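The values are calculated or read from the model by the stated rules, or taken from the named source; none is laboratory data. These numbers come from a predicted model, not from an experiment. With ideal geometry, Cβ positions are generated from the backbone for all residues, glycine too; neighbour counts draw on all protein chains shown. SASA here: full protein model, heavy atoms, side chains in, ligands and nucleic acids out. Shrake-Rupley method; radii C 1.70, N 1.55, O 1.52, S 1.80 Å.
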Amino acid sequence: MRTKPKSWSVLAVLTLLVFCAFPVCGQLGDKEKAEQEQKQKQELERKTFVLIDDIATSALSLKLPENRIYVLTATADLLWEHDESHAKNLFWDALNVINLINNSSSINGDKDGKKLTNKERQQQLQQYYSVYSLRLGLLQRVARRDPQLALEMLRSSRQVPMDQLPGGLSPPDDRELEQQIAAEVAARDPERALELARESLNKGLSYQIFQLLFRLNQRDAKAGSAFAGDIIEKIRGRNLSTDPYAAQLAVSLLGISRTRDEGPEKNANRGPLLSLKLEPEQKRVLVDLITNAALAGSANANVLYNIDDVMPEIEQFAPERIALLKRKLAAFNQTLNSQQKSSLEYRSTVQNGSPEDMLKLANRVDDENRGWIQEQAIATAVANKRTDSLRSFINAEVSDEGRRKELLDQLDAGELEYAVYKSDVTEMRKLLPRIRRREVRAQAMAEIAIKLERKGEHEEALKLLDEAQTMIKNDLTSESQTNALLALTAAYALVEPSRAFTIVERTIDEANDEIAKALFWDKIVSSGAVKKGELRLAQSGMVPIDFALFKFGDAVSILARADFDRTRAAADRFQRYELRLMARLLLVQALLRTRNSPSLVPGSTTEGP
């Protein structure tokens, strides 16, 4: 049976390489030790920025434009505080690559006077979204550093707008990018962000307006309320029956202005609310607009789909319309197909139902949706401390033994993850025996070992890690095994660094074999991880790596600070050029992220991220 390696597992191993150094120990006086540490810090910083320059230069050798853009953007961001002028040049280099892609693509119109086929139009749309996504990633990074520069770059890389899509929607355009930039500005300069937001709002509504409002209100509630008023005035001039943007924004404004005690008790399942301040008259205006649109003969289906979300406000400001709306909704629901009805039931249950209700719903849906609903049920039970109740329900109501074990495993793992999040070592130890899957238990043991080491219980921590190592298989095609290996390596990096080096060296060699297999099988069955013979570094598979780097960044920093050259040498063990480059990039990211943090050493009480 042939196995095609998953792209995320190949990329995930990059995080491991930065654990490969030995800490330097010595018996020195306080003065000599301080002087030595200062020298080491200066030398490490010099080497770090030399490596960043090398990465930026090497990026030009990458075959794929999207890879060059990814690396140039990342290095520019890292260089900004050290050499702003050079960083700006790198940002412009990345934008020039995007412009080359944009200019080489044909976006709108017929080809040579002939009507485009559906396939050709689909290709155009994919190309448009690809360029838009690249511009968005770059401009968001630039905006965090220099909003004015981001606007200049936006205006020098215009995309020809695409035709409207079915349902009255349009592909995202430069107006939405302006709103994204304003959202980044909000964290630094609410007044300037509000100015940009209003300029962008004058050009039209979009879904990005909501994100901008969220960021602005987080930073300055007064500015958030002012901008919400501007949005409401804009919505008042639109027909919500036919305008999906206006309708969704109206519903969202009411939802985020609701305080905890205004909605159902189970509203806690939806996560933290923004607590946007709206005046009662503003809420009344929104309710009138939504209910008018819902009761209109030409009501947009999206409006009717979302009526339940704002029913508390309708009951408050327009109770006389409840009966009419319920009749309209009943008639509307009769027009839905089975999939749409299931979607409505799913949303209502997840938002308002108990964990048991969610599992009952999971029994009635297809395999594709069942997993997500089960995860939501377990997360809700853990967050609300209802795990005992849900466990009893599973044992009593789930007859299939395989599924029952799977659900109980997920519930036990969820409880353990929550205890880890709370740094509750006592609870973690209590829950360990319940964990049936060995790699999940090993991952938890690694977390406990870190807590013990920081409390000064070195021998106990090492003993726990040695036991955990026997439970993990070196299987880079398995997400759970790879996650466990990452956790184990991070823990060893803090407790016994030489063991971390041994694991990393072995794992990189195995990763090289897996990468070779991935490239071979991609010639037969395209996996999407490889393009023109080069691994795609900027694809969505990078997200788990960035998260892992965040989670294990302190351990990375400790070891890389101790022996930078050896850590870089480990990166160069990768046979693929683009992965060597990415490994170096991950190394400098870890170092600069903790650059101004206190040194973390084994036994320290300082907590990691």
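Numbers below:
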| quantity | calculated |
| --- | --- |
| All helices (runs of 4 or more DSSP H) inside region 333-388 with 2 or more residues being more than 21 Å from Asp412 (Cα to Cα) | 338-352, 367-383 |
| Scope region 365-389; condition over 23 Å from Ser342 (Cα atoms) and of a type outside the set (Lys, Arg); matching residues | Val382, Ala383, Asn384, Thr387, Asp388, Ser389 |
| Considering residues of region 525-538 that are over 24 Å from the mean Cα position of the chain (by Cα) and modelled with pLDDT under 70 only, the residue most open to solvent (accessible area, probe 1.4 Å) | Ser526 |
| Test for Thr489: is it of a type in the set (Ser, Thr, Tyr), at pLDDT below 90 and surrounded by 20 or more Cβ atoms within 10 Å (Cβ to Cβ) | yes |
| Region 216-241 residues that are more than 24 Å from Glu184 (Cβ to Cβ) and open to solvent by 50 Å² or more (accessible area, probe 1.4 Å), paired with ones that are outside any helix (DSSP H, G or I) and not polar (S, T, N, Q) (beta carbon under 6 Å, 6 or more apart) | none |
| Matching residues, region 438-466, being among the small types (Gly, Ala, Ser) and either in contact (Cβ under 8 Å) with a residue 60 or more places away in the chain or closer than 16 Å to Lys422 by Cβ (or both) | Ala444, Gly456 |
| Answer residue from region 420-438, given it is part of a helix (DSSP H, G or I) and within 22 Å of the chain's Cα centre (by Cα) and is farthest from Glu457 (Cα to Cα) among those | Tyr421 |
| From Arg438, Arg370, residue being modelled with pLDDT under 85 and either aromatic (Phe, Trp, Tyr) or over 30 Å from Ala294 (Cα atoms) (or both) | Arg370 |
| Residue among Ala413, Ala381, Ala318, Ala377 that is open to solvent by less than 70 Å² (accessible area, probe 1.4 Å), of a type outside the set (Asp, Glu) and farther than 30 Å from Pro433 by Cα | Ala318 |
| Matching entry among Asp522, Asp509 (being modelled with pLDDT of 80 or more, open to solvent by 20 Å² or more (accessible area, probe 1.4 Å) and not hydrophobic (A, V, I, L, M, F, W, C)) | Asp509 |
| Contacts under 8 angstrom Cβ, first residue in region 118-131 being over 20 Å from Val97 (Cα atoms) and free of Cβ contacts under 8 Å to residues at least 12 places away in the same chain, partner open to solvent by 90 Å² or more (accessible area, probe 1.4 Å) and not in a helix (DSSP H, G or I), 6 or more apart | Glu120/Lys111 |
| Some residue of region 393-402 being within 26 Å of Glu479 (Cα to Cα), open to solvent by 80 Å² or more (accessible area, probe 1.4 Å) and assigned to a helix (DSSP H, G or I) | yes |
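Conditions (1) crowded, with 18+ Cβ neighbours inside 10 Å; (2) without any contact (Cβ under 8 Å) to a residue 24 or more places away in the chain; (3) out of contact with any strand residue (DSSP E or B) (no Cβ under 7 Å at 6 or more places or on another chain); (4) under 19 Å from Arg144 (Cβ atoms), marked per residue:
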{"position": "Asp30", "(1), (2), (3), (4)": "no, yes, yes, no"}
{"position": "Glu35", "(1), (2), (3), (4)": "no, yes, yes, no"}
{"position": "Gln42", "(1), (2), (3), (4)": "no, yes, yes, no"}
{"position": "Val50", "(1), (2), (3), (4)": "no, yes, yes, no"}
{"position": "Ile55", "(1), (2), (3), (4)": "yes, no, yes, no"}
{"position": "Leu64", "(1), (2), (3), (4)": "yes, no, no, no"}
{"position": "Leu79", "(1), (2), (3), (4)": "yes, no, yes, yes"}
{"position": "Ala87", "(1), (2), (3), (4)": "yes, no, yes, yes"}
